[in-house]
Ligand SMILES: Nc1ncnc2c1ncn2[C@@H]1O[C@H](COP(=O)(O)OP(=O)(O)OP(=O)(O)O)[C@@H](O)[C@H]1O
């Protein structure tokens, strides 16, 4: 993808959080991702869009090695986080996933209390020296996920007892509690009503002040609202990547244009 080289996009190398090159993904015989090159910038929301089955989620899962959990899946190519190869044999995937957190399509709180959902990651990563430090981390994460006021009086209640929108914000709190550098979100609003969606979108905008967010979405309105960069995938290839405004108003590739005008999808 020549239009994404650093020089042409005028992006300083220090602003690149994740650099993926020549990424290929197979599920057995299925060639799901075909030679994808993309640079994800720091403190930016990047949206992955494209028709169903084009490989958006597969590529997203490459960025924190979530595909490792799928037996038939093989990932080739190079993915660097701050210049370091995340597929290097020496990389501890648990640490990697704390740095590159993930929020899934369906809210999936653990069958534990609200407090324990958020405290779990910081505990296993030894981030707190005692109970009061852990309490602070939990409160900070719940505040950042804009759900503190709603749950502060029932931290010991089960996370699964919250509404869908609250559960998703709890999952976001759980993901931000380990102080990630990148947050991957796979259709985070697809199970939410418009009010909860608006809350999560507002939150995404706040989160990007601190780190880079990559969001897979089927909603072009959502991509246009929340992202600064957009990547359009089609049949496993990254067809076009650029400023969100440009992709939606003046795409370079006819396939992007067909998708955003509703002719393919
Ligand atoms: N676990 C899996 N095993 C086998 N094939 C898979 C698996 N997950 C995805 N695929 C295949 O890989 C391709 C890309 O799928 P992927 O889910 O990444 O697309 P997507 O763009 O995220 O789709 P959607 O928008 O429908 O969620 C598809 O052909 C899909 O059938």
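Using the structure shown, decide if residue 58 is at pLDDT 95 or above, under 13 Å from the mean Cα position of the chain (by Cα), away from the ligand (no atom under 16 Å from the Cβ) and closer than 25 Å to residue 248 by Cα. No: the conditions fail for residue 58.
Just one of the listed residues (116, 153, 135) is at pLDDT 95 or above and not in a helix (DSSP H, G or I), and it is 153.
State yes or no: is residue 7 at pLDDT below 95 and either away from the ligand (no atom under 15 Å from the Cβ) or buried (at least 22 other Cβ atoms within 10 Å of the Cβ) (or both)?
On the way: at pLDDT below 95: yes; either away from the ligand (no atom under 15 Å from the Cβ) or buried (at least 22 other Cβ atoms within 10 Å of the Cβ) (or both): yes.
So residue 7 fits the description; yes.
Annotation note: of 128, 141, 119, the sole residue that is surrounded by 15 or more Cβ atoms within 10 Å (Cβ to Cβ), more than 23 Å from residue 188 (Cα to Cα) and in contact with a helix residue (DSSP H, G or I) (Cβ under 6 Å, 6 or more places away or on another chain) is 128.
Matching residues to (1) more than 16 Å from the ligand (Cβ to nearest atom); (2) over 18 Å from residue 56 (Cα atoms); (3) buried (at least 18 other Cβ atoms within 10 Å of the Cβ):
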| position | (1), (2), (3) |
| --- | --- |
| 223 | no, no, yes |
| 226 | yes, no, yes |
| 232 | no, no, yes |
| 238 | no, no, yes |
| 242 | yes, no, yes |
| 246 | yes, yes, no |
| 250 | yes, yes, no |
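Among the residues of the range 24-46, are any within 9 Å of the ligand (Cβ to nearest atom), within 12 Å of the chain's Cα centre (by Cα), surrounded by 16 or more Cβ atoms within 10 Å (Cβ to Cβ) and farther than 21 Å from residue 93 by Cβ? Scanning the range 24-46 turns up no residue that is within 9 Å of the ligand (Cβ to nearest atom), within 12 Å of the chain's Cα centre (by Cα), surrounded by 16 or more Cβ atoms within 10 Å (Cβ to Cβ) and farther than 21 Å from residue 93 by Cβ.
Right, residue 39: assigned to a helix (DSSP H, G or I) and either within 19 Å of residue 244 (Cα to Cα) or at pLDDT 95 or above (or both) or not? Quick ask: steps written out before the conclusion?
Values: assigned to a helix (DSSP H, G or I): no; either within 19 Å of residue 244 (Cα to Cα) or at pLDDT 95 or above (or both): yes.
Here the answer is no, as residue 39 does not meet what is asked.
Could you say whether any residue in the range 153-162 is more than 16 Å from the chain's Cα centre (by Cα) and buried (at least 20 other Cβ atoms within 10 Å of the Cβ)?
Here is the first cut: in the range 153-162, the ones more than 16 Å from the chain's Cα centre (by Cα) are 153-162.
Within this subset, residues satisfying the condition of being buried (at least 20 other Cβ atoms within 10 Å of the Cβ) are 159, 162.
Yes, there is a match, as at least one residue in the range 153-162 is more than 16 Å from the chain's Cα centre (by Cα) and buried (at least 20 other Cβ atoms within 10 Å of the Cβ).
Residues in the range 61-96 that are within 16 Å of the ligand (Cβ to nearest atom) and farther than 23 Å from residue 121 by Cβ: 71, 72, 73, 74, 75, 76, 77.
So which residues in the range 179-195 are surrounded by fewer than 23 Cβ atoms within 10 Å (Cβ to Cβ) and either in a loop (DSSP other than H, G, I, E, B) or modelled with pLDDT under 85 (or both)?
So in the range 179-195, the residues surrounded by fewer than 23 Cβ atoms within 10 Å (Cβ to Cβ) come out as 179-182, 186-187, 190-195.
Correct list: 179, 180, 181, 187, 190, 191, 192, 193.
Within the range 118-139, which residues are within 22 Å of the chain's Cα centre (by Cα) and farther than 20 Å from residue 196 by Cα? Across the range 118-139, the qualifying residues are 119, 120, 121, 122, 124, 125, 137, 138. Among residues that are touching a helix residue (DSSP H, G or I) at 6+ places or on another chain (Cβ under 8 Å) and either touching a residue at least 60 places away in the same chain (Cβ under 8 Å) or assigned to a helix (DSSP H, G or I) (or both), residue 246 is not included.
If only one of 99, 17 is more than 16 Å from the ligand (Cβ to nearest atom), crowded, with 16+ Cβ neighbours inside 10 Å and modelled with pLDDT of 95 or more, which one is it? Quick ask: steps written out before the conclusion?
Details: 99 fails: modelled with pLDDT of 95 or more.
Of the residues listed, the single one that is more than 16 Å from the ligand (Cβ to nearest atom), crowded, with 16+ Cβ neighbours inside 10 Å and modelled with pLDDT of 95 or more is 17.
The values are calculated or read from the model by the stated rules, or taken from the named source; none is laboratory data. Just so it is clear, the model here is predicted, and its values are computed rather than measured. Neighbour counts are summed over all protein chains in view; Cβ atoms, including those assigned to glycine, are modelled from backbone coordinates with ideal geometry.
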